[in-house]
Amino acid sequence: MTLQGAKQLIKQWTDSDHRWITVPVTIAALFVLFVLFKSCQGIAYSFTNECRIYRLGYPIDQARTLAAVLSDEQADSFVVRGEYDSIAYPLLSERYFIAKNFDRYLAYHKIDTTLTALNDIVAVVNVGHDLDREASAVPCDISKGQLMLVNGRHYLDENYKPDSLVAFQRTYCYEEQRALGAVVQAFLTMQQECKKQTDAHLMVNSAYRSYKQQIGTYKRNEKGYAARPGGSEHQTGLAIDVTSLQHPMRWSFDTSKEGVWMREHCHEYGFILRYPKKHAQVMGYNYEPWHLRYVGKETAKRVHDEDITFDEYYAYYIENPHAKALR
Ligand SMILES: [Zn+2]
């Protein structure tokens, strides 16, 4: 049929006695189309993550937010578990929330009933303490330079040795100690200021230790106070153990005037207290008031100001720099 023919047909119809029926038929047809369209929309919506999470018992706004944050895979396993979890939504607002760890946060919360604070759960999972240490161990990423992470799960190779080690002046150590140049310089500046403020003379008890030396240290040390070979920061040349001439014993240094000063000010020189007392229990390490780790001033300030451990800093800012909690 030509266009002309079609126009002719419509004209005949609208001119005819049936014209009165055109409007209601059109309205009815549109209504049927609208109902069909809405039905299809409804069926499609019922398959969305938002709707599936909503059906677990979450208010619609929470379901929408959870659906937006979780990947399809995470949403699937979340829905498959088929139960409402009271911490699921509040977790999203945690300061150091990392979306890819969502399932592990929920799982860890169920396993460890002693930890109830969400920030503690997030911290433990972010640093991998919920995982089997041996099975989840990975080589230390030495490309991170002064921000490399060495701990029970991030191991240095037995052949790893820092490029250029510099000796501390012997007035600051009982026997020869070496570390990276930036560390030696930062220690000197810190020690001078400490002397001014407290009149105490800081001393480096231990700095760089090779993998082989760490084997000896590990065997000799009281249980828990020495890392296993490959898992010690001392092998990086970035860690130093500090006490003072006035308080050479580690635990008397802890409560000494200079020990307190060092904890409060070491970040100003690029150091962090690597194993602070406040986080020891949750993070599963022993408090070491003498062990400083050099990370540079910018990172040291952030770790200090945000009151987190370096492991948490590394997990959030270095490994997952795009993780953003909903705040
Ligand atoms: Zn140490």
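A short reminder: the numbers here are calculations on the coordinates, not readings from a lab. Keep in mind the model is a prediction, meaning the values are calculated, not measured. As a convention, Cβ positions derive from the backbone with ideal geometry for all residues, glycine included, and neighbour counts pool all protein chains shown.
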May I ask you to list the lysines whose Cα is less than 16 Å away from that of Lys161, ignoring any residue fewer than eight positions away on the same chain?
Lys144, Lys212
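In whole angstrom, how long is each semi-axis of the equivalent ellipsoid of the stretch 95-209, when you take the square root of 5 times every eigenvalue of its Cα gyration tensor and sort them from largest down?
Result for the stretch 95-209: semi-axes of 38, 20, 12 Å.
With r as the distance between the Cβ atoms of Asn119 and Phe34 and R0 = 56 Å, compute the FRET efficiency 1/(1 + (r/R0)^6) and round to 0.05.
Efficiency, rounded to the nearest 0.05: 0.65.
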Contact order normalised by length for the chain, with contacts defined as Cα pairs under 8 Å and 6 or more residues apart; what percent is it?
15
Place a label point 7 angstrom from the Cα of Gln192 along the Cα-to-Cβ direction, then list the residues of the stretch 257-272 whose backbone nitrogen is under 19 Å away.
262, 265-271
List the lysines whose alpha-carbon lies under 22 Å from that of Lys278, not counting same-chain residues fewer than 8 positions away?
Lys223, Lys257, Lys297, Lys301
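How long is the gain from Gln213 to Tyr174 if the chain were fully straight, where each residue apart is worth 0.36 nm and the alpha carbon distance is subtracted?
Stretched out fully, the Gln213 to Tyr174 stretch lengthens by 12.3 nm.
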Per-q log10 I(q)/I(0), the stretch 136-319, q = 0.11, 0.14 Å⁻¹ (Debye; single scatterer per alpha-carbon; no solvent):
-0.43, -0.72
Candidate aspartates and glutamates for bridging to Lys195, where Cα separation is under 17 Å - those fewer than 8 sequence places away on the same chain excluded
Asp254, Glu258, Glu264, Glu268
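How much length is gained if the chain between Phe47 and Met249 is pulled fully straight, taking 0.36 nm per residue apart and subtracting their Cα-Cα distance, in nm to one decimal? Mind dumping the intermediate values first?
Working: separation 202, 0.36 × 202 = 72.72 nm, distance 6.50 nm.
Taking 0.36 nm per residue and subtracting the Cα distance, the gain is 66.2 nm.
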Need one number: the % of Cα-Cα pairs in the stretch 270-327 sitting beyond the 19 Å mark.
30
Can you give the angle from 0 to 90° between the axis of helix 211-220 and the longest principal axis of the chain, with both taken from C-alpha atoms, to the nearest 10?
70
What full-extension length gain, to one decimal in nm, is calculated for Ala137 and Ala182 as 0.36 nm per residue of separation minus the Cα-Cα distance?
13.3 nm
Listing Thr299, Thr255, Thr65, Thr48 from the residue with the fewest other Cβ atoms within 10 Å to the one with the most, what is the order?
Thr255, Thr48, Thr65, Thr299
